[in-house]
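**Student:** Below you'll find the structure I mean.
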Amino acid sequence: METKKEIWIEQTLSSVNDLKHVAISSKLSQRLADIPREYSLLNQRIPMKAVWLAAASIALLLTMNILSVRRVKKQSITQETSIYSDYFSYTEILE
Amino acid sequence: MDELKEIEALQNGSQKAFSLLTSNYSAKVYNLSFSILQNQEDAEDVTQEVFTTVFLSISQFKGDSKLSTWMYRITVNKCQELIRKRSRKKRFGIFTTYDKMETAPASNIKANFIHPGIELENQERSAILFGAINCLPENQKIAFTMHKIEGIPYEEIASIMETSLSSVESLIFRARQNLKQALASYYEENER
């Protein structure tokens with residue numbers, strides 16, 4: 001024979017048997033309905049064309065910087081060599 | 001609209017298909033997360049996250065499982081993330097964890113969750129049961145909730161949890177045993 005405790009446990013375990021599904025609130029329905037619009041807006045805000053344009057501008061700026069740095073370096077080296085050659089030719093004359 | 005067509009329409013970004021999807025599945029996703037998390041606001045947030053994930057990653061859905069199974073899997077993962085986040089906050093600095101306990105002590109059962117879908121006469125008892133379910137190890141809690149409360153069949157639970165049918169049977173069996181033990185000690189302490 002089942003004890004009072006066992007009956008209570010079984011009744012507690014079966015207390016959720018006739019559980020009814022809860023309807024979602026209108027606020028949540030609205031939040032869900034807004035998802036496509038929100039994410040489409042996000043995509044519209046930053047079009048891929050603009051992203052590629054920005055990337056190309058950055059790449060162009062970097063290339064120009066690298067090229068100008070190289071040119072400046074080359075110029076300073078040729079300048080330095082000409083100073084040294086002038087100096088040595090001058091000392092040769094003195095000798 | 002059959003499922004394949006629905007998926008195709010969703011993958012093409014159809015808003016109508018998405019609206020149909022929300023009307024078909026929002027209540028299911030919400031009720032599952034509400035039963036697992038036992039909190040209305042958290043369940044609403046998880047539901048929104050699930051549908052956002054579905055909207056953004058439907059292109060990656062290959063149709064290996066049913067759409068509902070895939071959505072339930074996302075729901076369970078999101079709920080688990082939230083539970084872990086919550087328990088990390090709670091357990092900070094404490095060495096013993098409830099997950100390692102096989103049975104929850106009766107004093108840990110907090111009978112404070114009243115599910116609005118339960119009849120008035122069963123509300124007090126179901127609150128105790130929900131309190132005991134909350135003390136179960138995470139996988140047992142999820143498997144038991146999906147089967148007992150949401151009525152999802154074992155096969156689908158196995159697919160959602162990406163495990164075997166026998167593992168699900170074992171999880172639910174152990175959950176039931178643990179619940180019986182926890183409820184017995186609760187009865188000893190409070191009802192007698």
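The values are calculated or read from the model by the stated rules, or taken from the named source; none is laboratory data. Small disclaimer: the values here were computed from a predicted structure and weren't measured. As a convention, Cβ positions derive from the backbone with ideal geometry for all residues, glycine included, and neighbour counts pool all protein chains shown. Just the protein is used for accessible areas: all its heavy atoms, side chains included, with ligands, DNA and RNA removed. Shrake-Rupley method; radii C 1.70, N 1.55, O 1.52, S 1.80 Å.
**Student:** Give the cross-link partners of A:K4 among the lysines, using a straight C-alpha distance below 18 Å as the criterion and excluding same-chain residues fewer than 8 apart.
**Tutor:** B:K180
**Student:** Let me ask you something else. Could you tell me the center-to-center distance, by alpha carbons, between the range A:78-95 and the range B:127-182 in angstrom?
**Tutor:** Answer, in whole Å: 91.
**Student:** Just round it to a whole percent: the fraction of Cα-Cα distances in chain A exceeding 24 Å.
**Tutor:** Value for chain A: 72 percent of Cα pairs lie more than 24 Å apart.
**Student:** Could you rank B:F55, B:F144, A:F88 by how accessible they are, 1.4 Å probe, largest area first?
**Tutor:** Largest to smallest exposure gives the sequence A:F88, B:F55, B:F144.
**Student:** What's the magnitude of the charge dipole for chain A around its Cα centre, counting Lys and Arg as +1 and Asp and Glu as -1 at the beta-carbon? Answer in Debye, nearest 20.
**Tutor:** With Lys and Arg at +1 and Asp and Glu at -1, about 580 debye.
**Student:** Using only Cα atoms, tell me the angle between helix A:26-45 and the longest principal axis of chain A; keep it within 0 to 90° and round to the nearest 10.
**Tutor:** On a 0 to 90 degree scale, this one is about 20.
**Student:** Further, regarding this structure: With the dipole of chain A worked out from charges on the C-beta (+1 for Lys and Arg, -1 for Asp and Glu) around the Cα centre, which of A:L32, A:M64, A:W8 lies farthest toward the positive end?
**Tutor:** The one lying farthest along the dipole's positive direction is A:L32.
**Student:** Take a quick pass over the range B:1-94 and tell me how many lysine pairs come in under 27 angstrom between Cα atoms, counting only ones 8 or more apart or on separate chains.
**Tutor:** Pairs that pass both the separation and distance tests number 17.
**Student:** A further question follows. So for the range B:2-59, what are the equivalent ellipsoid semi-axes in whole Å, largest first, each being the square root of 5 times an eigenvalue of the Cα gyration tensor?
**Tutor:** Calculated on Cα positions only, the semi-axes equal 24, 11, 8 Å.
**Student:** Compute the helix-to-body angle for A:4-13: its Cα long axis versus the longest principal axis of chain A, expressed 0 to 90° and rounded to tens.
**Tutor:** Result, in degrees: 50.
**Student:** Right, next: Could you work out which residue, out of B:N134, B:N31, B:N39, moves most in a Gaussian network model of chain B, that is, has the largest mean-square fluctuation with Cα springs under 10 Å?
**Tutor:** Sorting by GNM fluctuation, first place goes to B:N39.
**Student:** To one decimal place, what orientation-averaged projected area in nm² is obtained for the convex hull of the Cα set of chain B?
**Tutor:** Here the figure is 12.2 nm², rounded to one decimal.
**Student:** Expressed as cubic angstrom per residue, what is the convex hull volume of the alpha carbon set of the range B:96-192?
**Tutor:** 98
**Student:** I'd like to compare A:64-75, B:163-174: which one has the highest average count of other Cβ atoms within 10 Å, and what's the full order after that?
**Tutor:** Highest-to-lowest ranking by the protection proxy: B:163-174, A:64-75.
**Student:** For chain B, take the longest principal axis of its alpha carbons; what is the angle in degrees between that and the long axis of helix B:67-91, to the nearest 10 within 0 to 90?
**Tutor:** 40
**Student:** So, one more: Based on the Kirkwood radius over alpha-carbon pairs, what is the Stokes-Einstein translational diffusion coefficient of the protein assembly as shown at 25 °C with 0.890 mPa s viscosity, in µm²/s?
**Tutor:** 104
**Student:** Might you tell me the accessible area per residue for the protein assembly as shown, computed with a 1.4 Å probe and given in Å²?
**Tutor:** About 63 Å² of surface per residue is accessible.
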